[in-house]
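Just below is one structure, and these are the notes that go with it.
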Amino acid sequence: MRLVEIKEGKARIFIPDPKEYEKNGKFDPSWAPVFYNPRMTFNRDISVIAVSVISPKSIIDALAASGIRGIRYYLESNSPIEEIIFNDKSKVAVDLIRKNVEVNGVKVAKITNRDANSLLYEVITDYVDIDPFGSPSPFILSSVNAVKNGGHVAYTATDLAPLEGSAKKSCKRKYDVNNSKLSFSKEVGIRVLLSKIVREAAILEKAVEPIFAFYNDYYYRLIIRVTRGAKKADESIEKLGYFYECEKCGFSGSSKDPIEKCPRCGNKVKISGPVWLGKINDDSFVHKMMDYLQNFSYIKNFEAISILLHKILQENKYPPGYYNLEFIASKYKINVPAREKIIECLGEASQTHFSSKGIKTSKSFDEILECMKTLANKV
Ligand SMILES: C[S@@+](CC[C@H](N)C(=O)[O-])C[C@H]1O[C@@H](n2cnc3c(N)ncnc32)[C@H](O)[C@@H]1O
């Protein structure tokens, strides 16, 4: 395997030379013997900042591939990390991790060549990172099991089709959620993932609190805090419910139990659930990330991260779900007014990072419609 050296953040790592695995001039990171995807740099940049805020003493990079994530946590997070377990079931990956750990002087590394699940049932740590191909579902129970009381787990999910309701059967299999493709499916997806995590954690009498969650490019990233206690686990479950959306009048909302008819026009609704209906971001955690970000002016995505964190804080004020302006406009056969104008008209409203067509607000559907119609008439 020919290697090339690349730089990401403060790490210099060796990866398989992509040129060797090109097919017809194209390259997909999954074609190389060890996975490294530069499109995930944003995910790793922002995770380095989150880990700095969390400040864990021990970390498990359970699906480590080249080791880039754990290495960057060691080199770049503000906190003194005492142990990082780098794990991958691939022997080739583990050999490369060994090299990369040495090159970057990671003094606290333990490297294992195990199935992540069997490893996670044997260890106890402050922070687990689950960054799989596709769905993190197979690793939820074991990762929640592996963290101490008050510990954290971070998940990446790239299986958007089931999470957003395009692949319904797959969503039922992997997340045990009856999902429909709703006009605000980008936000539904992360709430489907959280719903599964909450229910899996409850088996272990652990409660889950999301502290940081976002959507970017082709994946979700979610960080949860896990606490022990059957009662607390029950309280987490209480925050599950259902989204509905009316195909006729476009009205949408959430309810504790599934409903069949639109509360506005009486038509049949599409539903998705059970989904997490609590907050998905913790304001004080996001504020701390903004403060810490100032120490990371060297990272590639500094500006983009700052924009995302500001958006998240704005949208975190509003109830779950967003309004897809194109969807509503199509129902009423009106032009889509500029998003900023609608936000201005409503007053209490914000953009959402989930969609450039969406707004979040605590105002009613009819108030939104009124603003949209008034503005559309002015166009
Ligand atoms: C998407 S890659 C990880 C990427 C890496 N975290 C990064 O930031 O570049 C997923 C890795 O998980 C490993 N893997 C898949 N299933 C596994 C399992 N059950 N146990 C341990 N490793 C596994 C694969 O060999 C692959 O290296």
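Each value in this text was obtained by applying a stated rule to the coordinates, not by laboratory testing. Only a predicted model underlies this, so the values are computations on that prediction, with no experimental measurement involved. Glycine gets a Cβ as well: all are built from the backbone with ideal geometry, and neighbour counts include every protein chain shown.
What the table shows:
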quantity	calculated
Principal-axis tilt of helix 185-203 within the chain, Cα atoms, nearest 10 degrees	60 degrees
Local electrostatic count, residue 265, Cβ distance below 11 Å [Lys/Arg +1, Asp/Glu -1]	+4
Top of 178, 316, 335 by mean-square fluctuation, Gaussian network on the chain, Cα under 10 Å	335
Kirkwood Rh and Cα Rg combined as Rg over Rh, evaluated for the chain	0.99
Top of 188, 208, 53 by mean-square fluctuation, Gaussian network on the chain, Cα under 10 Å	53
Potential extension, residue 204-residue 115 segment - 0.36 nm per residue separation minus Cα distance	30.0 nm
Pairs from 174/360; 148/174; 331/363 whose Cα-Cα separation, in the structure shown, is over 24 Å	174/360; 148/174
Under 5 Å, built H, 5+ apart or other chain: amide partners of residue 17	2, 3, 4
Protection proxy ranking, peptides 366-373, 255-262, 23-30, average beta carbon neighbours within 10 Å, highest first	366-373, 255-262, 23-30
Value of D in µm² per second that Stokes-Einstein yields for the stretch 263-379, Kirkwood Rh from Cα pairs, at 25 °C (0.890 mPa s)	152 µm²/s
Gyration tensor over alpha-carbon atoms, the stretch 207-317, equivalent ellipsoid semi-axes in Å	33, 20, 10
Selected from 351, 314, 294 as most flexible by GNM, with the chain as the system and alpha-carbon contacts under 10 Å	294
Degrees, to the nearest 10: 283-293 long Cα axis against longest axis of the chain	50 degrees
